[in-house]
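Participant: Before I ask anything, here is the structure I am working with.
Derivation of every value follows stated rules applied to the coordinates shown; laboratory data play no part. This structure is a prediction, so every number in the text was calculated from the model and none was measured. We place every Cβ from the backbone using ideal geometry, glycine too, and count neighbours over all the protein chains shown.
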Ligand code: FES
């Protein structure tokens, strides 16, 4: 279960299994990488204040816009998800097709993520 939104992780896994169907694999032939960012995540700031999910939304939107403005716009996709089941450590993301996880992300990690996405 997602600790914040009472989301059934089994349903989330079924969702990922569904998108990894042949249709999705065909789609993945056109794009090289697909980053999913959880836009529900929050985290505790050093001041003790809990962040807003809007920070995750902004991180995802900024990454998506930068990819759209680059030569990678047809080969890299950035999508939002409601929960990845990794709610404890900050903003969570996963990059396919490798299945590379990013936990504890902060809005300031945008450049680092962009570097990882655009390499290769
Ligand atoms: S709220 Fe669960 S991973 Fe973001």
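Participant: Nearest 5 percent is fine: what portion of the DSSP beta bridges confined to region 29-120 is antiparallel? Intermediate results must be reported in sequence, preceding the final value.
Facilitator: Values: 9 of 15 bridges.
Roughly 60 percent of the DSSP beta bridges within region 29-120 come out antiparallel.
Participant: By counting other Cβ atoms within 10 Å of each Cβ, how are 31, 37, 91 ranked from fewest to most? Present the calculation step by step, with values, prior to reporting the outcome.
Facilitator: Values: 31 15, 37 25, 91 29.
The fewest-first ordering by Cβ neighbours comes to 31, 37, 91.
Participant: If you take the alpha carbon radius of gyration of the chain and divide it by 2.2 N^0.38 Å, what ratio comes out, to two decimals? Don't jump to the answer; show the numbers that get you there.
Facilitator: Working: Rg = 14.4 Å, N = 120, 2.2 N^0.38 = 13.6 Å.
Cα-based Rg divided by the globular estimate yields 1.06.
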